[in-house]
Every structure is written in C-alpha cells, then in structure tokens.
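So the structure is just underneath, and the comments pick up after that.
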Amino acid sequence: MYNINEQTPLISGSSRESQSAADSNAYLFRFRQAIGINATTSSPNDLESARRSAKGIYKQVISAQQWRQRQYLFVEVIFYVALLASIIIGATLASLGSLSTLHPMAITILGIVNSSTAGILALLKGQGLPDRLRKDAFEMLKVQNFIEEIDTKLAFGMIQDMDEKELDDLVKGVFDRYNVARDTAEMNRPASYVHQVDVRPGDDRLVEQGTDSEGHGVVRTGGARQIKLALSSGKGKALVIS
C-alpha cells in the first residue's frame, strides 16, 4: 500500500501557495483602494476594468497628464502657425518694398500683422512654451506609469513576501512622485517664486533656507525624509528630492 504521508508535502505546499495568492490579492485590493483604482472587479488580473472609474490620486494624475497634453498640442499648433505666418508675411513685405507707393495700405496692414505675430512668438518662447507643457505632461505620465507598473506586479504576483510596511512604502512612493511632478511643474513657471515646503505631520522642526554649493537658493525641511527645493539663479528652476 502507498503511504499517505508521501502526499502530505504536496498538500501543504498547495496550501501555502493558496495563502500567498490570497495575501497578494488582499495587498492588490488595498493598493488600488489607496491609489483610487477601481477595485470592484471580478478578477484581480482584469487590469483594464480595474482602471475604469478612477478616483483619488490616480484620477488626478490621469486628468493632469491629459490636460497638459491637450494644452501642449493646442499651443504647439498656435506656435507653428504663427511662425509660418511670420515667415510668409516677412517675405511678402520684402517683395512689396519697391512698391510701397502703390500699396501703402496693404504694407501697413501686413506690418501690423507681422508685428503682432512676432509678439505672440516672443510671448510663447518667454513662457517656455510649448515645450514646458510637454515636459509637464511627461512628468505626470511617469507617475501614471509607476502606478500601473506596481498594479501589474501586484496583480500577477510578481512582488513576493510583501508585508504591511512595504505596501505602505509603495503607496507613499506614489504620493511622493505625484508631489514631485506637481511641484516641478509649478516651480518651473517663469513667474513663480520660492515657497516653503509643507512640513509633514509630526515634523515640527524649523525650515532652513540658504544656498547650496552651486549658489542655488535652497529651502529644506527637517524630518526623516528631507525634501529640498533648489531654485537655479540663472537659466531655470529645478526641484530635487533627497
């Protein structure tokens, strides 16, 4: 007769695998609840359905990315239309230069339009547009990609032996990346000003201000996780988390 004890390890291993799968599904559900991904799906692997009806920070990330992308496309069209119009009008004015006495009104109107077009181009370039909007959209896209990467890994059990602290760190990582992307967009506005970083709850140490080794203005908060905002004194602004 076969010894029934020989099958016991298989049964035990199957039980451990079932428990691990249940834990993974529980962590996946909690991650989606915290981030705002729709968790009311029939299967944890149904990722497309889980991303519908987003809310919370996930909805904010997607909305910000899509809004910046639409703004970028709109401003880019205006920029290149104005540039093309400036070139054509400039060439037309050059060709009418010798006929100024015959077409004074047309030359005057074209000159006004050309000056207005040049002003629009100067305004857009002075604001860093349209490239600034493209970079803002890309920063939010990186946050969205990070969220969906973690969601995919949790859904397919690619992150093993996770505990409560690691799940908490993943959620904090999403919020940190969102805050960095949002603050980066804000700090890179030409008319922006240095603002004090919000002190995290429970962190009541004073904010330090000064300059770093490269002469950039720095605002730094205390606490276990230091957040440093570095403003370049020259060509642009940057935000760095350390």
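The values are calculated or read from the model by the stated rules, or taken from the named source; none is laboratory data. All values reported here derive from a predicted model rather than from experimental measurement. FYI the Cβ positions are ideal-geometry reconstructions off the backbone, even for glycines, and counts take in every protein chain you see.
Matching residues to (1) at pLDDT below 90; (2) part of a helix (DSSP H, G or I):
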| position | (1), (2) |
| --- | --- |
| Leu124 | no, yes |
| Tyr178 | no, yes |
| Glu186 | yes, yes |
| Arg189 | yes, no |
| Gly202 | yes, no |
| Gly215 | yes, no |
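The one condition from (1) of a type in the set (A, V, I, L, M); (2) free of Cβ contacts under 8 Å to residues at least 60 places away in the same chain; (3) closer than 30 Å to Gly56 by Cβ that Ile147 does not meet is (2).
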